[in-house]
Each structure stands twice: as C-alpha cells, then as structure tokens.
Amino acid sequence: MSTKDRVYMAEVKPLLNTSRVPIKYLLSTPEISRPSMKILSKIFAPKPTTPPRKKKRGIEIKTAPEIATMRQASKIVATVLKEISQMVKPGMTTADLDAYAEKRIREMGATPSFLGYHGFPGSICASINQEVVHGIPSARQVIRKGDLLKVDTGAFFEGFHGDSCVTIAIGQVKPAAAKLMTTAETALYTGIEQVAPGKYLLDIAGAIEDYVLSQGFSVVEDYTGHGVGRNLHEEPAVFNFRTRQLPNVKLVPGMTLAIEPIVNAGSKFTRVLKDQWTVVTTDNALSAQFEHTVLVTETGYEILTDRTFV
C-alpha cells in the first residue's frame, strides 16, 4: 500500500463550520501560533539537519513497521528527557542541557528534530517560569532553585520523529508552582484518556480544558499540539480547548498525535519576545507544559514517549 493510499481525509463532525477556518491554519505548522506565522515566514532557515519532506494534505495513517520506528524515535526522546530530569540542578545553564540532549540523541543513532527547524538554534526548547514555549537555550540563562523549567525535545530516527516535553521543578518550589505543574501533567493524561477510535479531537480538548479550569488555571490557546510522524509537525492541529475554529477530526487507528496542554497560572494570553522565538505570558505569571507522542490503537491508545520504561 502506498503512502498516498494511507492518507486519511479526516472525518469532521458536521456541527463544525470548517468553512470559517483559513486554509493557512489547516495546512501550516500547528504548534506555531497564528500571530507568529507571519514572523516565521520571514526567517531564513539554515540548511536543515533532516531531509526536506513534501507536505501532504490529509492525515497519514502509520503502518505497523512505521509505528515500530516511531517507538524507537520516541524512546530516544523519553530517555533524554528522563536523564535531563535527573541531572539538572541549580547553577547549570540551559545551554548545558542543550549540549547534553544533542550528544545523547546522536549517541542513540538519531538527529535532533528541533535543531535548524525554521532556523531554531537548539536541540531543545528550554523555557523557564513565565516563558511559555520555544525558549532558546543559552549559556547566559542560569537555572536557579525554585524555577519551573520546561524542556521540550524531539528525535528524528530512520525517517520518523518523536516529540515530548516535561516541566521540571528545580529543588523545592512554591506550593502554587507545584500545583500548576501537577495540573498541567494531570491535564495531559486526562486528555490522553479520551484517545480511542471513534472519538474526536474535541473530546480530548474538552477533557483538558474542563480539568484545568476546575483547578483555577487557564489553557493557552495560541499554541496547540499536532500530528507527528515523517514530519515533526503534521495535521491535525490537536487543540487543548473547545473551539469551532479548527477541524474536529475523528480519531482512527494508526494516527500519531503530539498532545501538549500548556497551562498558565494567570491569563491565557501570550506574546513573542524580540528573539522571535521565546513566548512568555503577558502578565508574567508562571506557565507549565507536558507533552507525549500518542498512538491511536485499535482499542485505545499507546504513549510512545512514556518515560516509565526507559
């Protein structure tokens, strides 16, 4: 069966008015916010570290061999994040973590998915406290006791990507910060529990949003999860909040999704810094994020980036 034959033209619930969705949102990188798209279009990216791939419309359903490869890519990501979680300590810099991640990804036979992607200069995104996503690793950014550190990374292995993110408490953090981190992680697993054939993206989004709001926090709406596979970012956009502005896709076995709720202690609103990458909360409140690459199976789901078994 050819790849073309396995592209799933997603079934969308009739109640969703997709005619209102600009085509650039359906076919562009899902994780990039709508306000950031114009910014990224002006970036001249260096030669990519992974081969350029023709973008396909529709959602590609993975075969058993492809899923096996994605398990390997995802295991590499899970291993790196687990090791970073165990080794990070106050006084280290985010550049230290970036160098370690690149070294370990390459040692395990993969290449960093993020390095060079749209010009991004690191192998990890390292975002601290009020930084939401896409923080650039830096030798000037020192990690301190009490910080909430988000580390997001990906690995490209034999033609497929794995993608995952963790929030790490550096030493003892304030109770409010600990609650925020726990809420973001629980929100991820609450959303994952909704993954099964016949379910819809809104089932995931509604479960995440309801839980986060019940804890007194807000869900970032400028950034979403995404499909993942041959490309780091594929369709569909996996949103974490109820919306009629994005397609409410029906889940089928073989889909691979990066589910990644971002939870703010204050308002849901964000802005991009002058480096054109780092996103921060507009009110300087703390932010936390967790992400897994998840396979839709015949009976439910499989977490490909599960750190429990690495």
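The values are calculated or read from the model by the stated rules, or taken from the named source; none is laboratory data. Since the structure is predicted, the reported quantities are computational estimates derived from the model, not experimental observations. When we count neighbours, we look across all protein chains shown, and the Cβ atoms used for this are built from the backbone with ideal geometry, even at glycine. These area figures cover heavy atoms from the full protein model, side chains too; ligands, DNA and RNA do not enter into them. Shrake-Rupley method; radii C 1.70, N 1.55, O 1.52, S 1.80 Å.
In this Cβ point-charge picture (+1 for Lys and Arg, -1 for Asp and Glu), region 154-310 has a dipole of about 400 debye about its Cα centre.
Across every pair of non-identical alpha carbons in region 145-261, the mean reciprocal distance, once inverted, gives a Kirkwood radius of 15.1 Å.
In region 163-310, carbon and sulfur make up what percent of the accessible area (probe 1.4 Å)? Ligands and nucleic acids excluded, carbon and sulfur give 51 percent. A convex hull fitted around the alpha carbon atoms of region 209-283 yields 105 Å³ per residue. Of the listed residues TYR211, TYR223, TYR301, the order by accessible area with a 1.4 Å probe, largest first, is TYR301, TYR211, TYR223. Centre-to-centre separation between the Cα atoms of region 201-239 and those of region 105-157: 20 Å. Counting 0.36 nm for each residue step from TYR189 to LYS274 and taking away their Cα separation leaves a gain of 27.2 nm.
When each of the peptides 288-297, 242-251 is scored by the mean number of other C-beta atoms lying within 10 Å of its residues, the order from highest to lowest reads 288-297, 242-251. Magnitude of the charge dipole for region 132-241, about its Cα centre and with charges confined to Cβ atoms of Lys, Arg (+1) and Asp, Glu (-1), is about 640 debye.
For the residue pairs LYS62/LYS250; LYS150/LYS179; LYS103/LYS174; LYS145/LYS268; LYS82/LYS268; LYS62/LYS103, the C-alpha atoms sit more than 21 angstrom apart in LYS103/LYS174; LYS145/LYS268; LYS82/LYS268; LYS62/LYS103. Here the alpha carbons of region 53-201 define both size measures, Rg and Dmax, at 16.5, 48 Å. Summing Lys and Arg as +1 and Asp and Glu as -1 over all other residues whose Cβ lies under 11 Å from the Cβ of GLY300 gives a net charge of -2. Working from Cα pairs under 8 Å separated by at least six residues, relative contact order for region 183-281 is 32 percent.
For region 58-121, count all C-alpha to C-alpha pairs, find those more than 17 Å apart, and express that count as a whole percent of the total. For region 58-121, the share of Cα pairs beyond 17 Å comes to 52 percent.
The residues of region 103-182 expose, per residue, 37 Å² of accessible area to a 1.4 Å probe.
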